[in-house]
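The values are calculated or read from the model by the stated rules, or taken from the named source; none is laboratory data. None of the values given here were measured: they were computed from a predicted structure. For neighbour counting, all protein chains shown are included, and Cβ atoms are generated from backbone atoms with ideal geometry for every residue, glycine included.
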Amino acid sequence: MNVDDLTAKYIELRDRKAKIKKEAEDAEAALSALQDAIGDKIREIMHEMGVTSLKTAHGTAYIAYRESATVADWDVLLGFIKNQRLGTCSKGG
């Protein structure tokens with residue numbers, strides 16, 4: 001094989017990989033949509049029952065609450081904390 005043939009094969013494989021990746025992403029998105037719809041129905045049932053968890057033969061469904069905040073300007077926040085003597089704070093994930 002010469003360099004031209006190798007380059008053509010390389011590009012062919014690159015394109016095949018991209019196609020497979022796109023198909024997998026599309027399939028995953030479809031499955032996620034189905035999971036979301038099922039989750040919505042489970043939450044609806046739990047809400048009607050007035051519960052935050054349900055134990056079933058296949059596992060426990062529960063409602064988890066999550067809170068988070070984002071900081072637009074860490075320098076301003078850290079300066080405020082230091083000025084107010086509120087303790088320590090660090091950037092984290």
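Below, the figures for the structure above:
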{"read-out": "Residue among Lys82, Lys17 that alone is surrounded by 10 or more Cβ atoms within 10 Å (Cβ to Cβ) and at pLDDT 95 or above", "value": "Lys17"}
{"read-out": "Filtered residues of segment 56-79 (kept if over 24 Å from the mean Cα position of the chain (by Cα) and either farther than 30 Å from Glu44 by Cα or surrounded by 10 or more Cβ atoms within 10 Å (Cβ to Cβ) (or both))", "value": "Asp73, Trp74, Asp75, Val76, Leu77, Leu78, Gly79"}
{"read-out": "Residues being of a type in the set (S, T, N, Q) and modelled with pLDDT under 95 - total across segment 20-70", "value": "2"}
